[in-house]
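The values are calculated or read from the model by the stated rules, or taken from the named source; none is laboratory data. Worth saying up front: this structure is predicted, and the values here are computed from it rather than measured. Cβ placement follows ideal geometry from the backbone for every residue including glycine, while neighbour counts extend to all protein chains displayed.
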Amino acid sequence: METTNDARVLPNDAGPARISRRELAQIFLTSLAADILLPLSSSAHPIRRHLLNGRLLDFADVHLSARSKPLFLSARQVAALDVLSEAVVPGSRKAQTASFIDLLLSVDTHEVQQDFLAALSAADLSSHNTYHAEIVALSPTQLHELLTTLSASHSAEYKHFTHLKDWISAAYYSSEIGMRELGWTPNRVFPTFPVCSHRDGHV
């Protein structure tokens, strides 16, 4: 497995993928390269590198199937990320987006980890300042209001929100559920690449 500075090494017992995220990631990245799918605001986002790492993706399938404990984030942070992910891209909870991001972060560099934690903390702090409650305790209306505020281009937290959204979007659309939403079928055919089918779009 390719690693960057101080990136951690995966266990040697990573088994073969039961549902190949490796193949789905290849299709996802091909779509990005062809400008068919543009869920990332930056081509330099660290998740791109992870989606090129076949061994990591194979391990992800094993790890997520076992519904193992978080590898980097705390249980509280995973819960908050799960709520945010589902609000940003409906279906993310079923796709285990938060757990997949946690896995990717566990093998990334300290700098990338800290950037993510800063973005997640910014959302959490905004929730506390506005509603005096954690993200997981917000009502649907409060959560929508929070994300609307964070996603506003003039918001002080806009950069942090965009960083989180990129992680969430790429993690979701590189999953089987996300790829099926885009038109992927079991025989690996894309008859069309529709725009996001969520009624109100993504925040």
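In the range 130-147, what count of residues is obtained for those that are surrounded by 12 or more Cβ atoms within 10 Å (Cβ to Cβ), more than 20 Å from the chain's Cα centre (by Cα) and assigned to a helix (DSSP H, G or I)?
The qualifying residues number 5.
Here are some residues: Ser127, Ser99. Which one is outside any loop (DSSP other than H, G, I, E, B), under 17 Å from the mean Cα position of the chain (by Cα), at pLDDT 95 or above and crowded, with 18+ Cβ neighbours inside 10 Å? Steps first, answer last, please.
On the way: Ser127 fails: under 17 Å from the mean Cα position of the chain (by Cα).
None of the others qualify; the one that does is Ser99.
Can you tell me how many residues in the range 83-95 are in contact with a Lys or Arg (Cβ under 8 Å, 6 or more places away or on another chain) and surrounded by 20 or more Cβ atoms within 10 Å (Cβ to Cβ)?
Within the range 83-95, the subset in contact with a Lys or Arg (Cβ under 8 Å, 6 or more places away or on another chain) is 85-86, 88.
Still in the running and surrounded by 20 or more Cβ atoms within 10 Å (Cβ to Cβ): 85, 88.
The number of residues fulfilling the criteria is 2.
It is to be established whether one or more residues within the range 136-149 are touching an Asp or Glu at 6+ places or on another chain (Cβ under 6 Å), modelled with pLDDT of 95 or more and not aromatic (Phe, Trp, Tyr). Talk me through it step by step, then tell me what you get.
Let us first name the residues in the range 136-149 that are touching an Asp or Glu at 6+ places or on another chain (Cβ under 6 Å), namely none.
The answer is no; no qualifying residue exists.
Can you tell which of Pro46, Pro70 is surrounded by 21 or more Cβ atoms within 10 Å (Cβ to Cβ), in contact with a Leu (Cβ under 9 Å, 6 or more places away or on another chain) and more than 16 Å from Glu134 (Cα to Cα)?
Details: Pro70 fails: surrounded by 21 or more Cβ atoms within 10 Å (Cβ to Cβ).
Result of the check over Pro46, Pro70: Pro46.
Quick grid of which residues meet (1) of a type in the set (Lys, Arg); (2) surrounded by fewer than 16 Cβ atoms within 10 Å (Cβ to Cβ); (3) modelled with pLDDT of 80 or more:
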residue	(1), (2), (3)
Asn12	no, yes, no
Gln26	no, no, no
Ser31	no, no, no
Gly54	no, no, yes
Asp61	no, no, yes
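Inside the range 52-91, can you point out the residues that are closer than 28 Å to Leu143 by Cβ and not in a helix (DSSP H, G or I)? Steps first, please.
Quick first cut of the range 52-91, residues closer than 28 Å to Leu143 by Cβ only: 60, 63-64, 67-91.
Correct list: Arg67, Ser68, Lys69, Pro70, Leu71, Phe72, Leu73, Ser74, Val89, Pro90, Gly91.
If you go through the range 148-158 one residue at a time, how many are free of Cβ contacts under 8 Å to residues at least 24 places away in the same chain, farther than 14 Å from Asp124 by Cβ and outside any loop (DSSP other than H, G, I, E, B)?
First, pick out the residues of the range 148-158 that are free of Cβ contacts under 8 Å to residues at least 24 places away in the same chain: 149, 152-156, 158.
Those left that are additionally farther than 14 Å from Asp124 by Cβ: 152-156, 158.
Pick out the ones that are also outside any loop (DSSP other than H, G, I, E, B) and you get 158.
Of the residues in the range 148-158, 1 are free of Cβ contacts under 8 Å to residues at least 24 places away in the same chain, farther than 14 Å from Asp124 by Cβ and outside any loop (DSSP other than H, G, I, E, B).
Return the pair list, or none, for Cβ contacts closer than 7 Å from residues in the range 128-147 that are without any contact (Cβ under 8 Å) to a residue 60 or more places away in the chain to residues that are part of a loop (DSSP other than H, G, I, E, B), at least 6 apart or on different chains.
Correct list of pairs: Tyr131/Leu138; Leu146/Leu138.
Looking only at the range 71-88, count how many residues are under 25 Å from Gln26 (Cα atoms), free of Cβ contacts under 8 Å to residues at least 60 places away in the same chain and not hydrophobic (A, V, I, L, M, F, W, C).
Residues in the range 71-88 being under 25 Å from Gln26 (Cα atoms), free of Cβ contacts under 8 Å to residues at least 60 places away in the same chain and not hydrophobic (A, V, I, L, M, F, W, C): 2 in total.
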